[in-house]
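The values are calculated or read from the model by the stated rules, or taken from the named source; none is laboratory data. Keep in mind it's a predicted model, so treat the numbers as computed, not measured. Glycine also receives a Cβ, built like all others from the backbone with ideal geometry; neighbour counts cover every protein chain displayed. Protein only, heavy atoms only, side chains kept; ligands, DNA and RNA dropped before computing areas. Shrake-Rupley method; radii C 1.70, N 1.55, O 1.52, S 1.80 Å.
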Amino acid sequence: MAEISAQLVKQLRDMTDAGMMDCKKALVEVGGDLEKAVEYLREKGLSKAAKKADRVAAEGAISIQVSKDFKKASMVEINSETDFVAKNDGFRELSAKTITMVQDSNISTAEELHSLELDGAKFEEYLKTQIAKIGENIVVRRIAKVEAQGSGIVNAYVHSNGRVGVIIALKCQNEANAKKLADFTKNLCMHAAAMKPQVISYHSFDRDFVNTEKTAIIAELEKENEELKRLGKPLHKIPQYISQLELTDAILAKQEEVLKAELKAQGKPEAIWDKIIPGQIERFKADSTILDQRLTLLGQFFVMDDKKTIAQVLAEKSKELNDSIEVVEYVRFELGEGIEKQASNFADEVAAQLG
């Protein structure tokens, strides 16, 4: 049996928020393989969260800039070693100059940034002088640029603490309508900043991914039901489906027949079925798309109207403007995401990037 160290158990616990003994058992079961242990806990419904935010060690700020005509938006993440420096006037000035330079240039990657000039020097040299002046290592980690195509529009939002930024581009058919959608697009960005969708829609999923997630979600709900039952509270309904990807026309047609049979058994007049069934089908879809609600922008319920999904809100807006509006691009940055705590600290990682 592989030797399971206390440090390895703690690392798994930090990643999953599962219990200490559950983490040790999982590691024993998979021979000490950390990634397999994470999946083991998910399948058993014991991993409460990926807790990415707890695994990152990065400070700094995310900044955005949007053109006045809402046709182009840029976003930059600049990392520092401490939150204290991120609030420094020198760091804020650096962020402001960098985002303006990115917005006004044709570059698309952080690497290309170093070849541009700022204040009469190559950006790379300018950055080194700022590091010396501010007293901490600083890295321009990544940039994003989105341009509206045709009669589309782009807008962005950065949270007041500078830790989350979002850009969303919409496409419509009428340029006059595009100009009316600036505030609406920003509201979608604010939703995405809060609700953390990973992709635009379920079309980004494949069957294997959905099947794997279904196993984990069902295990999670069953585990939660054990506690709800103990507390005498209503139990979660265990879903048969978890994504729109699974809801074929045949499945929806079958569900409609089930609903008709139920209405008939209840003695409801057939003349009113068409007023009842559409709402029940929508409820069925909501119960059968948990994965979409967690991971997709269009599948989530809008924070400003939680009775409707973003997809439904877009459909309503399209009808209101007599147009066809769709989300064509979505970018979300969260400060430090993906920079994981290793044996070294963040200062070492920043130094390595600079080196």
Confirm whether Ser288 is touching a Pro at 6+ places or on another chain (Cβ under 7 Å), among the hydroxyl-bearing types (Ser, Thr, Tyr) and surrounded by 15 or more Cβ atoms within 10 Å (Cβ to Cβ). yes
Identify, please: which residue in the stretch 80-107 is open to solvent by 70 Å² or more (accessible area, probe 1.4 Å) and assigned to a loop (DSSP other than H, G, I, E, B) and is, among those, farthest from Ser160 (Cα to Cα)? Asn106
Any chance the stretch 124-134 includes a residue that's touching a Gly at 6+ places or on another chain (Cβ under 9 Å) and without any contact (Cβ under 8 Å) to a residue 12 or more places away in the chain? yes
Any residue in the stretch 170-197 that's more than 12 Å from Ser324 (Cβ to Cβ) and open to solvent by 20 Å² or more (accessible area, probe 1.4 Å): show its pairings with residues that are assigned to a strand (DSSP E or B) and not β-branched (Val, Ile, Thr) at Cβ separation under 6 Å, as long as the two are six or more apart or on different chains. Lys186/Asn155; Lys186/Tyr157; Met190/Tyr157
Sort out which residues of the stretch 109-118 are closer than 15 Å to Arg142 by Cα and open to solvent by 80 Å² or more (accessible area, probe 1.4 Å), and write them in order of number. Glu111
For the stretch 149-168, which residues satisfy the criterion of being in a loop (DSSP other than H, G, I, E, B) and open to solvent by less than 20 Å² (accessible area, probe 1.4 Å)? Gly152, Gly162
Top-ranked residue in the stretch 119-142 [being assigned to a strand (DSSP E or B) and open to solvent by 20 Å² or more (accessible area, probe 1.4 Å); ranked as farthest from Ile78 (Cα to Cα)]: Ala121
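Per-residue answers, yes or no, for (1) modelled with pLDDT of 85 or more; (2) not in a strand (DSSP E or B):
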| residue | (1), (2) |
| --- | --- |
| Glu3 | no, yes |
| Leu12 | yes, yes |
| Cys23 | yes, yes |
| Lys36 | yes, yes |
| Leu41 | yes, yes |
| Leu46 | no, yes |
| Ala50 | no, yes |
| Asp54 | no, yes |
| Ser63 | yes, no |
Condition first: of a type outside the set (A, V, I, L, M, F, W, C) and more than 16 Å from Ala194 (Cα to Cα). Now tell me which residues in the stretch 293-323 satisfy that. Lys307, Lys308, Gln312, Glu316, Lys317, Ser318, Lys319, Glu320, Asn322, Asp323
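Residue-wise test of (1) of a type in the set (A, V, I, L, M); (2) at pLDDT 95 or above; (3) in a loop (DSSP other than H, G, I, E, B); (4) more than 19 Å from Val146 (Cα to Cα).
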site	(1), (2), (3), (4)
Phe184	no, yes, no, no
His191	no, yes, no, no
Pro197	no, yes, yes, no
His203	no, yes, no, yes
Glu220	no, no, no, yes
Lys223	no, no, no, yes
Leu228	yes, yes, no, yes
Please go through the stretch 230-248 and pick out each residue that is closer than 25 Å to Lys307 by Cβ and either of a type in the set (Asp, Glu) or open to solvent by 60 Å² or more (accessible area, probe 1.4 Å) (or both). Lys233, Pro234, Leu235, His236, Lys237, Ile238, Gln240, Glu246
